[in-house]
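J.: Structure incoming, see below.
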Amino acid sequence: MQGEQALSALQMSFAEEERPEDAITAPIAYIGTEEELSRYDDIEGRLRSRYCGLVEVHEKRIYLGNESTSKLPCISFLHKPVYEFLQNSEIWKELLSCSTDSKFSPNLALPGASLYELKVGPHYHMGGSEFQSTLTNSKVQEEI
């Protein structure tokens, strides 16, 4: 479930990797604009087809410590009632019963996705101290 921190579209794409533990040995290098955009397009298409517009990719603006801004595609619920619907314990039981045979584990996928994003995400092509400053001073706000 979506908490206070939005899940980035890039993280979501990495969460779908078959072996999230591969994030540990993944190289630390920017994946490149082409692959990044491809991942955004793929995840946006999957969300649209699977969730019929109830969950979508929404751009959030990141305010960096040096007064500059950047847009970050994030996953969000289109309507608050969707979030409230998913908080219902009976609904969760029913949803989980549909995936009992699945090998997917969010407890492995989400940390692996976060590690992948840190290692290969767009911020890594910036450079040492600038990257550290960005991580330390950035905050995410919804774009108006």
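Each value in this text was obtained by applying a stated rule to the coordinates, not by laboratory testing. Since the model is a prediction, treat every value here as computed from it, not as a measurement. Here the Cβ is made from the backbone with ideal geometry for all residues, glycine too, and neighbour counts use every protein chain on show.
J.: Between residue 37 and residue 99, how many nm apart are label points set 7 Å from Cα along the C-beta direction?
T.: 3.1 nm
J.: Oh, and also: What is the set of long-range amide H partners of residue 74 at a cut-off below 5 Å, with H atoms built 1.01 Å from backbone N?
T.: 9, 58, 59, 60
J.: Here's another thing I want to ask about it. Determine the gain in length on full extension of the stretch residue 68-residue 85; use 0.36 nm per residue of separation and subtract their C-alpha separation, reporting nm with one decimal.
T.: Once the chain is fully extended between residue 68 and residue 85, it gains 2.4 nm.
J.: Oh, and also: Using the Karplus curve 6.51 cos²θ - 1.76 cosθ + 1.60 with θ = phi - 60°, work out ³J(HN,Hα) for each residue of the stretch 37-49 in order, rounded to whole Hz, and write x for Gly and Pro.
T.: Per residue, the Karplus-derived 3J(HN,Hα) values read 5, 4, 5, 4, 4, 4, 5, 5, x, 5, 4, 5, 6 Hz.
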